[in-house]
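Quick note: the coordinates plus some simple rules give every number you see, no bench work behind them. Computed from a predicted structure; not experimentally measured. Please note: Cβ atoms are built from the backbone with ideal geometry, for glycine as well, and neighbour counts cover all protein chains shown.
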Amino acid sequence: MALEKYVPDSVYSERYRKKLESEGMTGSTPEEAAETMVKAITDKNPKRRYKVRARDALAIKLKQLLPEALWDRILLKLFY
């Protein structure tokens, strides 16, 4: 697995490997990311941030609305 190439000595390597094996990669496709990049580059009035997927917008809004400690707990539950 490529993980060892990037974080061979990390204390989180094993946890991350298990997460990837159980859930797989759930991120955007390269095509989705490329479409968003083209839009960002060609917009006459570019935004500071571009969302690749609809659920990215939800995560950004939740992060803005929730107290930081609660957001941290949500991330811990999702990723650890």
Let's test the formula: R0 of 25 Å, r as the Cβ-Cβ distance of residue 11 and residue 64. What FRET efficiency results, to the nearest 0.05? 0.25
Which order, highest average first, do 55-61, 38-44 follow once you tally other Cβ atoms within 10 Å for each residue and take the mean per peptide? 55-61, 38-44
Compute the distance in nm between two label points, each set 7 Å from the Cα along the Cα-to-Cβ direction, one at residue 38 and one at residue 21. 3.9 nm
